[in-house]
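The values are calculated or read from the model by the stated rules, or taken from the named source; none is laboratory data. These figures come from a predicted structure and were not determined experimentally. Here Cβ is always computed from backbone atoms with ideal geometry, including for glycine, and neighbour counts include all displayed protein chains. Just the protein is used for accessible areas: all its heavy atoms, side chains included, with ligands, DNA and RNA removed. Shrake-Rupley method; radii C 1.70, N 1.55, O 1.52, S 1.80 Å.
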Amino acid sequence: MEWLRGCSGRLLVLVQVLLWGWARGSELTFELPDNAKQCFYEDITIGTKCTLEFQVVTGGHYDVDCRLEDPDGTVMYKEMKKQYDSFTFTAAKNGTYKFCFSNEFSTFTHKTVYFDFQVGEDPPLFPNENRVTALTQMESACVSIHEALKSVIDYQTHFRLREAQGRSRAEDLNTRVAFWSIGEAFILLVVSISQVVLLRSFFSDKKTTTTRVGS
């Protein structure tokens with residue numbers, strides 16, 4: 001029983017440590033209508049390293065305009081009609097940073113956009129992780145599991161986006177094939193009816209008219 005309590009206590013500490021180790025960030029998937037623009041804001045302190053990553057999941061040619069501005073309105077990043085991209089920068093001043101996604105160039109197609117905005121780096125799991133002293137076996141295991149979980153989350157996000165994009169392409173292709181099949185069936189029906197009418201006209205009896213001329 002004592003051994004089970006000890007294991008349970010270590011497991012609880014391990015879970016708490018893993019949950020505390022994440023860096024602050026924003027991750028969101030949202031709908032961007034046609035002729036629309038959506039902006040997001042983040043308060044960042046000077047010297048903080050940040051990474052903005054985005055990808056268009058569904059819609060049109062899978063492209064979108066992206067723009068990032070500092071608190072003074074200076075453009076730090078600007079790309080037009082990008083399917084996906086990643087931008088890393090270090091904040092040069094304190095304040096609210098703004099990044100916007102625009103679909104104003106599209107007249108009838110709405111988009112689904114995913115972005116991940118990471119602010120800062122992961123803090124050390126243990127206070128003595130960056131010191132000269134060696135970590136204990138439990139602490140080393142926690143660090144290894146933490147890094148492995150981060151990799152798993154990144155892979156899951158990547159494959160989830162790939163799956164959503166593939167499903168959207170498959171549904172779009174299925175819709176096009178369905179309309180094309182309906183069009184072919186209609187054309188085939190019209191051609192068949194036209195051939196039947198044309199053949200009947202070849203074999204139908206033509207009435208002759210007789211005109212008598214009086215003497």
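Considering each residue of region 28-39 in turn, none proves to be surrounded by 13 or more Cβ atoms within 10 Å (Cβ to Cβ), of a type outside the set (Lys, Arg) and more than 24 Å from the chain's Cα centre (by Cα).
Scanning region 68-81 for residues that are free of Cβ contacts under 8 Å to residues at least 24 places away in the same chain, surrounded by 14 or more Cβ atoms within 10 Å (Cβ to Cβ) and more than 19 Å from the chain's Cα centre (by Cα) returns a single hit, Met76.
Set side by side, the residues Gln118, Gln165 differ, and just one is at negative phi, at pLDDT below 85 and in contact with a strand residue (DSSP E or B) (Cβ under 9 Å, 6 or more places away or on another chain), which is Gln165.
Residue by residue, here is whether (1) at pLDDT 90 or above; (2) surrounded by fewer than 17 Cβ atoms within 10 Å (Cβ to Cβ); (3) farther than 30 Å from Glu163 by Cβ holds:
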site	(1), (2), (3)
Cys100	yes, yes, no
Pro127	no, yes, yes
Ala134	no, yes, yes
Gln137	no, yes, yes
Cys142	no, no, yes
Leu149	no, yes, no
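Pairs meeting the criteria (first residue in region 82-95 and more than 16 Å from Glu121 (Cα to Cα) and assigned to a strand (DSSP E or B), second residue among the charged types (D, E, K, R) and open to solvent by less than 80 Å² (accessible area, probe 1.4 Å), beta carbons under 8 Å, at least 6 apart or on different chains) are Lys82/Asp63; Lys82/Asp65; Asp85/Glu79; Gly95/Asp70.
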